[in-house]
1. Applying the selection to the range 8-34, what residues are of a type in the set (Phe, Trp, Tyr) and either in contact (Cβ under 8 Å) with a residue 60 or more places away in the chain or open to solvent by 20 Å² or more (accessible area, probe 1.4 Å) (or both)?
2. Looking at the range 146-188, which of the residues that are surrounded by 15 or more Cβ atoms within 10 Å (Cβ to Cβ) and in contact with a helix residue (DSSP H, G or I) (Cβ under 8 Å, 6 or more places away or on another chain) is farthest from Asn111 (Cα to Cα)?
3. Give the range 124-139 a look and list any residue that's more than 19 Å from Ile157 (Cβ to Cβ) and part of a loop (DSSP other than H, G, I, E, B), or say none.
4. Could you pull out the residue among Ala145, Ala200 that is out of contact with any Gly (no Cβ under 6 Å at 6 or more places or on another chain) and of a type in the set (Gly, Ala, Ser)?
5. Quick check on this structure: which one of Pro308, Pro316 is under 24 Å from the mean Cα position of the chain (by Cα), farther than 21 Å from Asn212 by Cβ, at pLDDT 90 or above and not β-branched (Val, Ile, Thr)?
6. Go through the residues of the range 167-189 one by one and say whether even a single one is among the β-branched types (Val, Ile, Thr), farther than 30 Å from Met65 by Cβ and in contact with a His (Cβ under 7 Å, 6 or more places away or on another chain).
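The values are calculated or read from the model by the stated rules, or taken from the named source; none is laboratory data. Please read all numbers here as calculations on a predicted model, not as lab measurements. Cβ placement follows ideal geometry from the backbone for every residue including glycine, while neighbour counts extend to all protein chains displayed. Heavy atoms of the whole protein, side chains included, go into the accessibility calculation; ligands, DNA and RNA do not. Shrake-Rupley method; radii C 1.70, N 1.55, O 1.52, S 1.80 Å.
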Amino acid sequence: MEIIKQPDSFCFASALTDIIVSSDVAVTVSFSVSGLNPFLTETYHPDAAGRIVIRELVNLFLPLMPLDTLKADFKINLTSATGEVQNINFAALYCRADMGYDFVPAAWIQNNFLTLCQGEKTTHLGINEQLSIYTTEPTTVELIAEYNTGERFTKNIEIASINQITTINASIDWVEHPEQVSRYVVNAGNRHFSYLVKPALPREHLVIAFRNAFGVTETFIPSGITLRENKYDNLFGQFSGNYRKYKAEVTKTYTCNTGILTGTMADWLEDLFMSDNVALFDIDNGYSYPIVIEESTVKRSTAASELPAFEFKFRPAKRNQLDAVPAKPRIFDNSFDHIFN
């Protein structure tokens with residue numbers, strides 16, 4: 001028995017390669033995670049060329065990745081029918097994105113934060129921005145804010161932990177007079193990320209938090225219009241000779257337009273539509289309201305004048321959608337708030 005191909009010792013879950021084994025006899029393969037007992041054991045028989053190919057490892061291992069650390073150590077035990085034993089050991093980071101054929105995990109994490117946004121991101125005053133990083137050595141994170149006057153303000157964050165993910169608060173509330181900041185940059189070694197700062201949001205705007213392709217939290221603020229449609233499901237029957245409604249449920253569906261996006265933010269936002277964990281964040285009280293994105297439309301163009309904007313539909317995740325408090329999100333304009341508040 002000879003192992004011809006196997007995953008690298010450190011890899012991203014979505015980039016797990018096939019396992020190829022050369023053998024003349026059947027091979028029993030056991031899969032285990034983080035030192036636990038095997039969660040799957042199967043026997044494979046070689047093909048006519050004397051090879052065993054185990055494919056789609058990402059579908060096997062990704063659901064087992066712990067969401068607190070987003071990293072796991074895997075062990076694959078191979079035992080041939082003749083008694084020969086070999087082991088494959090590797091560590092994997094949570095990742096759902098296709099990172100490309102020439103992807104080198106160790107190099108990528110040294111040059112990137114854990115986000116698919118590869119350009120400047122637009123944020124607003126008062127928004128909690130989080131940025132996550134995987135470090136293999138103690139790292140200094142430098143935040144540099146640029147005031148409208150050209151003056152700069154710098155803050156350093158020291159990360160002592162290694163071989164794990166650290167999430168830093170990348171919000172603009174760490175500077176004096178944040179309302180005077182137009183842009184700020186986050187640097188960590190070769191990693192660079194920048195934010196374009198806009199004024200505080202009107203109350204009716206959405207703040208969407210979601211788990212991105214690397215399993216960490218990011219936020220997005222649509223600048224377009226959001227519409228709400230209620231659909232009622234009523235059940236009726238005859239009771240004591242009277243026709244009555246005995247059950248009623250409401251489903252609230254929101255149609256949201258992202259507003260005009262930059263090219264890099266349009267590319268990044270497709271990660272939101274693939275996320276399985278999305279919520280509305282209420283900046284007034286700090287609560288989050290889980291939602292489910294049911295439909296999304298992405299249309300892009302090669303035109304130099306392209307102004308990308310997407311539309312998507314979502315609904316609250318909870319079953320009972322008859323709220324005892326004002327529904328989230330608000331759909332009134334600023335004039336309503338100014339008159340009645």
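1. Pass one, the range 8-34, residues of a type in the set (Phe, Trp, Tyr): 10, 12, 31.
Within the range 8-34, Phe10, Phe12 qualify.
2. Filtering the range 146-188 for residues that are surrounded by 15 or more Cβ atoms within 10 Å (Cβ to Cβ) and in contact with a helix residue (DSSP H, G or I) (Cβ under 8 Å, 6 or more places away or on another chain), the one farthest from Asn111 (Cα to Cα) comes out as Tyr147.
3. Restricting attention to the range 124-139, the residues satisfying the condition of being more than 19 Å from Ile157 (Cβ to Cβ) are 124-126.
Leu125, Gly126 - these are the residues of the range 124-139 that are more than 19 Å from Ile157 (Cβ to Cβ) and part of a loop (DSSP other than H, G, I, E, B).
4. Numbers: Ala200 fails: out of contact with any Gly (no Cβ under 6 Å at 6 or more places or on another chain).
One residue alone meets the criteria, Ala145.
5. Numbers: Pro308 fails: farther than 21 Å from Asn212 by Cβ.
It is Pro316.
6. From the range 167-189, those among the β-branched types (Val, Ile, Thr) are 167-168, 172, 175, 181, 185-186; that's our starting set.
Imposing the further condition that a residue be farther than 30 Å from Met65 by Cβ reduces the set to 172, 175, 181, 185.
Checking the rest, the ones that are also in contact with a His (Cβ under 7 Å, 6 or more places away or on another chain) come to 185.
Looking through the range 167-189, at least one residue is among the β-branched types (Val, Ile, Thr), farther than 30 Å from Met65 by Cβ and in contact with a His (Cβ under 7 Å, 6 or more places away or on another chain).
Residues checked against (1) in a strand (DSSP E or B); (2) open to solvent by 70 Å² or more (accessible area, probe 1.4 Å); (3) among the hydroxyl-bearing types (Ser, Thr, Tyr); (4) free of Cβ contacts under 8 Å to residues at least 40 places away in the same chain:
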residue: Asp73; (1), (2), (3), (4): yes, yes, no, no
residue: Leu78; (1), (2), (3), (4): yes, no, no, no
residue: Gln86; (1), (2), (3), (4): yes, no, no, no
residue: Asn89; (1), (2), (3), (4): yes, yes, no, no
residue: Ala107; (1), (2), (3), (4): no, no, no, yes
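Rundown of residues vs (1) more than 28 Å from Gly100 (Cα to Cα); (2) crowded, with 17+ Cβ neighbours inside 10 Å; (3) in contact with a Leu (Cβ under 9 Å, 6 or more places away or on another chain), yes/no style:
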{"position": "Phe39", "(1), (2), (3)": "yes, no, yes"}
{"position": "Glu42", "(1), (2), (3)": "yes, no, no"}
{"position": "Val53", "(1), (2), (3)": "no, no, no"}
{"position": "Pro63", "(1), (2), (3)": "no, no, no"}
